[in-house]
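The values are calculated or read from the model by the stated rules, or taken from the named source; none is laboratory data. Here the structure is a predicted model, which is why all the values come from computation and not from measurement. All Cβ positions, glycine included, derive from the backbone under ideal geometry; neighbour counts span all protein chains shown.
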Amino acid sequence: MPALLEVADSHGWLATLTQGARTVTVRGPRRWLTEQKKPFTDEFERTPATGWGASPGGGVWTTVNGADTDYRIEDGRGVIELTATNASRHAVLTSSEDVADLKATAVFGFDKAPAGASASLALSFAIVDVNNHYRARLNVTAAGAVQLSLEMEKANDVTVLGAAQQVGTGFTASDRWCVQVEKQGDALRARAWRKGTPEPSDWQHSEKDPTFTSGRVGVRALASSGNTQVPLRALVDEFAVESAYWAKPPVVAHETWVRVLPEPFDGGWTDAMEQRIRGWAADTSPDALTYGAMFLPGGTPVRSSVLGGAQVLGEAGYGPRKADGTRREGADFHEYMGLEWTFPNGEKMPYAGDQWERNLDCSGLVRMVYGHHMGLPLVYDRDHDGVNLPRLSKDLATSGPGVVVARGTTTAPSLEGLRVGDIVCFDATDDATEEDGVIDHVGIYVGKDEEGDPRFLSSRKTPNGPTIADLGGPSTLNGTGLYARTLRVIRRF
């Protein structure tokens with residue numbers, strides 16, 4: 001473990017300096033770091049091998065009831081094949097964390113007008129499982145009437161919270177209907193309108209029920225007994241979560257700020273160093289954690305006049321989508337800005353295209369925070385000399401600036417020396433399922449959350465961008481989660 005200098009004043013701990021490192025942790029005003037779910041729209045523009053695949057909002061669409069082949073994506077639409085009557089089909093957007101309050105909208109249709117009996121599509125929410133949830137149910141009768149009801153299913157028993165209201169007539173196969181729900185505490189609201197017509201100003205259903213406080217979101221489709229049009233295709237053109245709040249959002253609160261010295265600390269304490277540390281203790285200008293948090297969901301865009309108005313802060317994604325809906329890696333700090341870049345050592349990177357703008361992969365986020373904003377020197381493929389910030393995660397771990405605090409070979413190292421602002425490096429392979437002996441993911445340790453768990457910030461594919469939350473794997477360094485198991489190096493810049 002590297003040598004430390006702990007500095008105190010009459011109020012207690014003031015700062016920690018590490019010999020060989022430029023980063024310094026300093027006491028400052030208490031602050032809070034948290035995150036809510038990122039809004040998203042799923043337009044089904046992908047070709048997964050089976051089912052509906054990965055959603056751009058994070059998580060994977062899982063299906064319940066029927067054959068796997070009953071669920072697919074065709075022509076930019078999610079399709080549920082109803083091959084039998086009175087047999088519900090469900091597509092649920094699964095994630096590791098439940099959503100509490102939300103506002104969501106889906107665009108529904110059928111490939112044929114129902115005959116003989118009705119068919120319905122529902123936007124389900126607060127899903128505990130397919131037998132326990134709320135749903136706004138759009139029902140199309142054999143006569144072409146379109147109705148909206150608000151229902152609760154509990155232990156396979158359905159309670160109608162808001163009776164069916166007719167919202168349209170003359171349904172045809174070319175029609176698309178928007179269904180919108182809102183949940184705020186125990187207040188449940190729903191409305192529906194034909195796509196292309198104005199959204200109603202009032203909710204057609206507004207009820208209260210405290211049964212389900214949180215859960216997942218999804219779609220339910222059903223052809224009622226007597227429907228003569230089966231096989232019938234239920235169509236989902238779009239599924240959007242416009243706002244959502246995690247049932248248990250991560251919250252990190254402490255008084256530790258992370259600053260950067262102009263040179264690595266040499267172990268000496270001087271009057272000039274004392275003045276610098278005392279100045280930092282009263283300084284509320286952005287530090288490494290402030291900059292990192294600016295790329296979380298909801299981060300406010302900030303542009304640089306020095307860089308011709310390029311955006312340098314604000315909510316980031318991870319990368320462009322692949323054909324199967326997953327995300328491409330490769331977005332460095334200058335790609336986020338939409339700029340070509342020449343590094344001090346002469347390396348040049350061209351403009352990568354607008355599809356890379358506002359995106360950062362994991363090492364791109366670290367380089368944006370500690371390199372572009374905090375001033376550590378940046379390089380790309382050359383001059384990995386322990387002073388410069390390399391491009392790749394594996395090089396950041398082995399030859400990045402500063403000192404190694406802890407290292408593990410096949411297991412996670414001790415967290416005893418971990419400090420806020422440290423770089424945490426993981427051996428979690430590209431598909432995030434198992435180790436392969438190479439560091440391939442990096443993040444920034446931000447402190448302990450309200451549960452006492454050490455939490456880190458990183459940019460990841462599943463949540464599509466920087467996160468401290470648990471979508472796609474817990475962002476914690478203890479326990480049995482993916483990243484707790486695959487932590488291998490802790491480095492202090």
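Side notes on the structure shown:
- Entry remark, the stretch 208-246: residues being over 27 Å from the mean Cα position of the chain (by Cα), polar (S, T, N, Q) and surrounded by 19 or more Cβ atoms within 10 Å (Cβ to Cβ) number 2 in total.
- The set of residues in the stretch 317-338 that are touching a helix residue (DSSP H, G or I) at 6+ places or on another chain (Cβ under 9 Å) and of a type in the set (A, V, I, L, M, F, W, C) comprises Ala331, Phe333, Met337.
- Any hit, the stretch 117-131, residues being in a loop (DSSP other than H, G, I, E, B) and either under 18 Å from Val230 (Cβ atoms) or of a type in the set (Phe, Trp, Tyr) (or both): yes
- For Met349, the conditions (1) under 20 Å from the mean Cα position of the chain (by Cα); (2) surrounded by fewer than 17 Cβ atoms within 10 Å (Cβ to Cβ); (3) among the hydrophobic types (A, V, I, L, M, F, W, C) are fulfilled apart from (1).
- Residue satisfying all of: in the stretch 307-340; among the aliphatic types (A, V, I, L, M) and over 15 Å from the mean Cα position of the chain (by Cα); modelled with the lowest pLDDT among these: Ala323
- Checklist (1) of a type in the set (Val, Ile, Thr); (2) in contact with a Leu (Cβ under 6 Å, 6 or more places away or on another chain); (3) crowded, with 20+ Cβ neighbours inside 10 Å applied to Val146, failing item: (2)
- Boolean, Thr50 is hydroxyl-bearing (Ser, Thr, Tyr) and assigned to a loop (DSSP other than H, G, I, E, B): yes
- Filtered residue count, the stretch 72-116, keeping only those that are closer than 17 Å to Arg135 by Cα, in a loop (DSSP other than H, G, I, E, B) and hydrophobic (A, V, I, L, M, F, W, C): 1
- Hits in the stretch 437-474 (condition: over 11 Å from the mean Cα position of the chain (by Cα), assigned to a loop (DSSP other than H, G, I, E, B) and not charged (D, E, K, R)): Gly437, Val438, Ile439, Gly452, Pro474
- Count of the stretch 263-272 residues which are surrounded by fewer than 18 Cβ atoms within 10 Å (Cβ to Cβ) and in contact (Cβ under 8 Å) with a residue 40 or more places away in the chain: 4
- The stretch 323-332, residues that are touching a residue at least 12 places away in the same chain (Cβ under 8 Å) and either more than 22 Å from Val379 (Cβ to Cβ) or surrounded by 24 or more Cβ atoms within 10 Å (Cβ to Cβ) (or both): Ala323, Asp324, Gly325, Thr326, Arg327, Ala331, Asp332
- Residue among Glu329, Glu335 that is acidic (Asp, Glu), under 30 Å from Gly76 (Cα atoms) and touching a Gly at 6+ places or on another chain (Cβ under 6 Å): Glu329
- Count of residues meeting criterion [crowded, with 22+ Cβ neighbours inside 10 Å and farther than 30 Å from Glu450 by Cα] in the stretch 55-69: 1
- Failed criterion for Ala49 (all others in (1) at pLDDT below 95; (2) in contact with a helix residue (DSSP H, G or I) (Cβ under 9 Å, 6 or more places away or on another chain) hold): (2)
- Residues satisfying the stated conditions in the stretch 273-292, i.e. among the hydrophobic types (A, V, I, L, M, F, W, C) and surrounded by 15 or more Cβ atoms within 10 Å (Cβ to Cβ): Met273, Ile277, Trp280, Ala281, Ala288, Leu289
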